[in-house]
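Accompanying notes for the structure given below.
The values are calculated or read from the model by the stated rules, or taken from the named source; none is laboratory data. Bear in mind the structure is a predicted one, so any value in this text is a computation, not a measurement. Heads up, the Cβs are rebuilt from the backbone with ideal geometry, glycines too, and the neighbour counts pull from every protein chain shown.
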């Protein structure tokens, strides 16, 4: 396999790793420090993904065993998947501490979390689907594409992470996941953004039974906190690197402001469950998986509106929501 890893910032190369649709690609970044090589994120562990990673490293004149450090921005399998393979090749793997703890729970082969998720979905109005058993099997199978990491090193928000001679600061950016963290290299003016700031889409921000209380509030707050960082290059987990961090943050804030208004309009003068609201806000869903993502995102927007005093949750089976002005 021939893979070219282009230079996207001084001393930093992008290696594009394959994913199933719809994303298709996840970015991993190879950083050359004064003392060696670091990867930021590491792709889903499939045969195609491992071959692409090895080819991208080879195009830079190194092998997997030359990578000394790996920083993983968050626990999703397309970012964490090959960390264990890199550890076995000699790298030290590091994550933000709360995210590392969540990753152990998520990928620890405990199906109780899946049961909890199904109960949550039903509570919020989504009917049982013919493909539910297949979706459960796919969730379990996804864990097989995430390598176990035996000696995970953890860091705290605000700590310095050594990119083998280049210094970066860990910044906690919750929302897409509870413990998501970015790296800020102020000397080089570079932000390793993970999935916090993407160039063309907004990351999925969902409310789950095991998530923080207000993930959308977390996400919007974290966007505002990084908006004015003095960086000239943003390296996202998906999509092309870009330069205008403040402009992109403003677009994302405006997008979610519009989505909040659309959520209120979908409730209207009625009392509606979250699944019905999600189908009004997202009318063109193509699969059961899309419906579940839409439900989680709608719930995140409803929780934000609830915490802002604009809607009220009405207990029942299913749980429903009403606009506060009607009370």
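In this structure, residue 34 qualifies as more than 21 Å from residue 172 (Cα to Cα), out of contact with any helix residue (DSSP H, G or I) (no Cβ under 9 Å at 6 or more places or on another chain), in contact (Cβ under 8 Å) with a residue 24 or more places away in the chain and not in a helix (DSSP H, G or I). Those residues that are in contact with a helix residue (DSSP H, G or I) (Cβ under 6 Å, 6 or more places away or on another chain) and under 21 Å from residue 26 (Cβ atoms), I need them from segment 201-222; list them, please. Matches in segment 201-222: 202, 204, 205, 206.
In segment 71-120, counting only helices (runs of 4 or more DSSP H) that sit wholly within it, the ones holding 1 or more residues that are under 11 Å from residue 41 (Cβ atoms) span 77-80, 83-88.
The residues of segment 156-200 that are farther than 16 Å from residue 96 by Cβ and either buried (at least 22 other Cβ atoms within 10 Å of the Cβ) or out of contact with any helix residue (DSSP H, G or I) (no Cβ under 9 Å at 6 or more places or on another chain) (or both), listed by number, are 164, 165, 166, 167, 185, 186, 187, 188, 189, 190, 197, 200.
Within segment 245-261, the set of residues being closer than 14 Å to residue 191 by Cα and out of contact with any strand residue (DSSP E or B) (no Cβ under 8 Å at 6 or more places or on another chain) comprises 246, 249. Within segment 26-52, the set of residues being over 19 Å from residue 182 (Cβ atoms) and surrounded by 16 or more Cβ atoms within 10 Å (Cβ to Cβ) comprises 32, 36, 37, 44, 45, 46, 49, 50, 52.
When each of 218, 157 is tested for being at pLDDT 95 or above, within 24 Å of residue 120 (Cβ to Cβ) and within 19 Å of the chain's Cα centre (by Cα), the lone residue that passes is 218. Here the condition is being over 18 Å from residue 238 (Cα atoms) and out of contact with any strand residue (DSSP E or B) (no Cβ under 6 Å at 6 or more places or on another chain); of 170, 155, 205, 146, it holds for 146 alone. The residues of segment 268-299 that are at negative phi, assigned to a loop (DSSP other than H, G, I, E, B) and in contact with a strand residue (DSSP E or B) (Cβ under 9 Å, 6 or more places away or on another chain), listed by number, are 269, 270, 271.
Condition test on residue 126, is it surrounded by 15 or more Cβ atoms within 10 Å (Cβ to Cβ), in contact (Cβ under 8 Å) with a residue 12 or more places away in the chain and more than 23 Å from residue 8 (Cα to Cα)? It is true that residue 126 is surrounded by 15 or more Cβ atoms within 10 Å (Cβ to Cβ), in contact (Cβ under 8 Å) with a residue 12 or more places away in the chain and more than 23 Å from residue 8 (Cα to Cα). Going residue by residue through segment 230-243, is there one that turns out to be without any contact (Cβ under 8 Å) to a residue 12 or more places away in the chain, surrounded by 13 or more Cβ atoms within 10 Å (Cβ to Cβ) and within 19 Å of the chain's Cα centre (by Cα)? No: zero hits.
Any residue at all in segment 49-70 that is closer than 20 Å to residue 170 by Cβ and under 21 Å from the mean Cα position of the chain (by Cα)? So far as segment 49-70 goes, yes, one or more of its residues are closer than 20 Å to residue 170 by Cβ and under 21 Å from the mean Cα position of the chain (by Cα).
When only residues in segment 271-319 that are farther than 21 Å from residue 214 by Cβ and under 22 Å from the mean Cα position of the chain (by Cα) count, which is surrounded by the most Cβ atoms within 10 Å (Cβ to Cβ)? The residue in question is 291. Is it fair to say residue 252 is touching a helix residue (DSSP H, G or I) at 6+ places or on another chain (Cβ under 7 Å), over 19 Å from residue 124 (Cβ atoms) and at pLDDT 95 or above? Against the criterion (touching a helix residue (DSSP H, G or I) at 6+ places or on another chain (Cβ under 7 Å), over 19 Å from residue 124 (Cβ atoms) and at pLDDT 95 or above), residue 252 qualifies.
So that you can scan it fast, the table gives a plain yes or no per residue for (1) within 18 Å of residue 192 (Cβ to Cβ); (2) touching a strand residue (DSSP E or B) at 6+ places or on another chain (Cβ under 6 Å):
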{"site": "4", "(1), (2)": "no, no"}
{"site": "49", "(1), (2)": "no, yes"}
{"site": "75", "(1), (2)": "yes, no"}
{"site": "80", "(1), (2)": "yes, yes"}
{"site": "90", "(1), (2)": "no, no"}
{"site": "93", "(1), (2)": "yes, yes"}
{"site": "100", "(1), (2)": "yes, yes"}
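The C-beta contact set for segment 155-172 (first residue farther than 12 Å from residue 184 by Cβ, second residue assigned to a strand (DSSP E or B), distance under 7 angstrom, 6+ apart or interchain) comprises 155/94; 155/96; 155/161; 155/170; 164/37; 164/38; 164/68; 164/69.
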